[in-house]
Amino acid sequence: MTTKIVNIVVAGGNYAGLNAMRHLYATLLASPDQANKTVVNITLVDRRDGFVHYIGMTRGITEPSFGSSLWVPYSTVDWLQHPQITIKQGTVADIQPTLVQLTNGEQLQFDYLVVALGISRFAPIGIRSSTKSEFVAELAESYAQLESAKSVVVVGGGA
């Protein structure tokens, strides 16, 4: 019997993408069926090297020591270190019926694609950073701007 290879690409690694990755890992990789001759490879593509807990951003901007905990590098998430999981730091440029093209020219073939790219927000709640060190510096800059402001207006309370 021949071994079948299935490639899954998850585009976007924040709430929806990481949740999809966790379920794919738990279902397909955590307890593999030895009788099944299918090899599943899962690739996560995200422009950042970690997950950002957006819900805590308003506190993170006003309390930088808390803010640094909002970024969780993918390299510190144990289950993402599975040998059949690959993490690509990059940006999706194009999606074709069986491949994802990244802005660096790399092409990722897939059998299944999860599109979880989310939305872009503007600073200071949005994240321009692609690494934790950039993120911490960005938070410090936003905090300094708030601290030196003569007044601050909050519009809306969020959900």
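Kindly check whether there is at least one residue in the stretch 143-153 that is surrounded by 15 or more Cβ atoms within 10 Å (Cβ to Cβ) and of a type in the set (V, I, T).
No, the stretch 143-153 contains no residue that is surrounded by 15 or more Cβ atoms within 10 Å (Cβ to Cβ) and of a type in the set (V, I, T).
Quick grid of which residues meet (1) assigned to a helix (DSSP H, G or I); (2) open to solvent by less than 80 Å² (accessible area, probe 1.4 Å); (3) in contact (Cβ under 8 Å) with a residue 24 or more places away in the chain:
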| position | (1), (2), (3) |
| --- | --- |
| N7 | no, yes, yes |
| V10 | no, yes, yes |
| Y25 | yes, yes, yes |
| N41 | no, yes, yes |
| R59 | yes, no, no |
| V72 | no, yes, no |
| S75 | yes, no, yes |
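Is it true that some residue in the stretch 61-68 is assigned to a loop (DSSP other than H, G, I, E, B) and either touching a strand residue (DSSP E or B) at 6+ places or on another chain (Cβ under 9 Å) or open to solvent by less than 30 Å² (accessible area, probe 1.4 Å) (or both)?
no
Are any residues in the stretch 92-126 open to solvent by 50 Å² or more (accessible area, probe 1.4 Å), touching a Ser or Thr at 6+ places or on another chain (Cβ under 8 Å) and at pLDDT below 95, and if so, which ones?
A123, P124, I125
Looking at the stretch 135-147, I want the residues that are closer than 21 Å to R47 by Cβ and have a partner that is open to solvent by less than 20 Å² (accessible area, probe 1.4 Å) and among the β-branched types (V, I, T) with Cβ atoms under 8 Å, at least 6 apart or on another chain. Which pairs are those?
What qualifies is F135/V52; F135/I127; E138/I127; L139/I61; S142/I61.
What are the pairs with Cβ atoms under 9 angstrom where one residue, in the stretch 82-103, is farther than 14 Å from T43 by Cα and free of Cβ contacts under 8 Å to residues at least 24 places away in the same chain and the other, located anywhere, is open to solvent by 60 Å² or more (accessible area, probe 1.4 Å) and small (G, A, S)? Sequence gap at least six, or different chains.
Close Cβ pairs satisfying both conditions: T103/A93.
For A35, work out the one condition from (1) of a type in the set (A, V, I, L, M); (2) at pLDDT 95 or above; (3) surrounded by fewer than 19 Cβ atoms within 10 Å (Cβ to Cβ) it doesn't fulfil.
Single failed check for A35: (2).
The values are calculated or read from the model by the stated rules, or taken from the named source; none is laboratory data. No experiment lies behind these values; they were computed from the predicted model shown. Cβ: placed from backbone, ideal geometry, glycine included. Neighbour counts: every protein chain shown. In case anyone asks, the SASA skips ligands and DNA or RNA and just uses the protein heavy atoms, side chains included. Shrake-Rupley method; radii C 1.70, N 1.55, O 1.52, S 1.80 Å.
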